[in-house]
Amino acid sequence: MALEAWLMDDSNEDPRLPHHPNPKELLTMDYLAELGVLYWKLNPENYENDSELRKIRDERGYDYMDMLDLCPEKVSNYEEKLKNFFTEHIHKDEEIRYCLAGSGYFDVRDKDDRWIRIWMKPGDLIVLPAGIYHRFTLDTSNYIKLMRLFVGEPVWTPYNRPQEEHPVRKEYTKSLTHKFGESIQAH
């Protein structure tokens with residue numbers, strides 16, 4: 001099954017819920033690609049020997065890899081970490097995540113500053129571009145195992161919103177303006 005993504009409703013309910021609008025409308029991978037979000041469907045059962053994963057890593061220069069098991073039983077300060085992940089932020093580099101087990105949501109802002117919810121499940125590998133506002137939370141399963149990939153030594157520093165003057169954010173909005181031919185929302 002392919003990656004699912006949708007515009008989120010405006011509810012303040014539990015962030016682990018899907019937050020589908022009514023009516024439910026899924027977005028296309030082409031729309032995500034226009035925002036700079038890349039996606040591959042891989043075999044999570046064979047990640048250690050997966051030639052397609054190796055090819056992606058080689059072509060994109062992802063030479064660093066580690067694993068993150070995120071659940072209450074395996075992470076100290078679990079609630080605090082989840083709260084930090086759910087704070088809207090950008091990074092200076094791409095954020096690359098490969099779901100090996102469990103599931104969770106990456107939320108990204110679109111060109112009109114609306115939240116798009118991306119539901120990651122086993123086999124989903126996504127790349128969020130540097131400078132895109134995003135956040136992460138688990139779904140109601142309360143578990144995800146992610147492979148984190150990075151070019152060079154990882155720098156996990158989040159820059160919490162607002163960051164409109166940050167050079168990487170300016171570069172990202174410039175790329176969207178070029179694609180969509182209009183200015184990008186800044187709230």
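The values are calculated or read from the model by the stated rules, or taken from the named source; none is laboratory data. All figures in this text were calculated on a predicted structure; none of them were measured in a lab. Here Cβ is always computed from backbone atoms with ideal geometry, including for glycine, and neighbour counts include all displayed protein chains. Heavy atoms of the whole protein, side chains included, go into the accessibility calculation; ligands, DNA and RNA do not. Shrake-Rupley method; radii C 1.70, N 1.55, O 1.52, S 1.80 Å.
For region 95-110, which positions are closer than 13 Å to VAL151 by Cα and either surrounded by fewer than 19 Cβ atoms within 10 Å (Cβ to Cβ) or of a type outside the set (Asp, Glu) (or both)? If you could, list the steps in order and put the result at the bottom.
Step one: of region 95-110, the residues closer than 13 Å to VAL151 by Cα are 95-97.
Scanning region 95-110 gives ILE96, ARG97.
Mind listing whichever residues of region 1-57 are touching a residue at least 60 places away in the same chain (Cβ under 8 Å), over 17 Å from VAL127 (Cβ atoms), open to solvent by 40 Å² or more (accessible area, probe 1.4 Å) and not in a loop (DSSP other than H, G, I, E, B)?
LEU7 - this is the single residue of region 1-57 that is touching a residue at least 60 places away in the same chain (Cβ under 8 Å), over 17 Å from VAL127 (Cβ atoms), open to solvent by 40 Å² or more (accessible area, probe 1.4 Å) and not in a loop (DSSP other than H, G, I, E, B).
For region 58-76, how many residues meet the condition of being assigned to a helix (DSSP H, G or I) and in contact (Cβ under 8 Å) with a residue 60 or more places away in the chain?
Of all residues in region 58-76, those assigned to a helix (DSSP H, G or I) come to 58-60.
Subsequent filtering for residues that are in contact (Cβ under 8 Å) with a residue 60 or more places away in the chain retains 60.
Number of matching residues: 1.
Restricting attention to region 91-113, report how many residues are of a type in the set (Ser, Thr, Tyr) and not in a strand (DSSP E or B).
Initial filter on region 91-113 (of a type in the set (Ser, Thr, Tyr)): 98, 103, 105.
Now drop any that are not not in a strand (DSSP E or B), which leaves 103.
Within region 91-113, residues that are of a type in the set (Ser, Thr, Tyr) and not in a strand (DSSP E or B) number 1.
Between a residue in region 91-114 that is touching a residue at least 40 places away in the same chain (Cβ under 8 Å) and aliphatic (A, V, I, L, M) and any residue that is surrounded by fewer than 17 Cβ atoms within 10 Å (Cβ to Cβ) and assigned to a strand (DSSP E or B), which pairs come within a Cβ distance under 8 Å, given they are 6 or more apart or on different chains?
ILE96/ARG148; LEU100/MET67
Which residues, counting only those in region 118-151, are closer than 22 Å to LYS170 by Cα and open to solvent by 40 Å² or more (accessible area, probe 1.4 Å)?
The one that is closer than 22 Å to LYS170 by Cα and open to solvent by 40 Å² or more (accessible area, probe 1.4 Å): VAL151.
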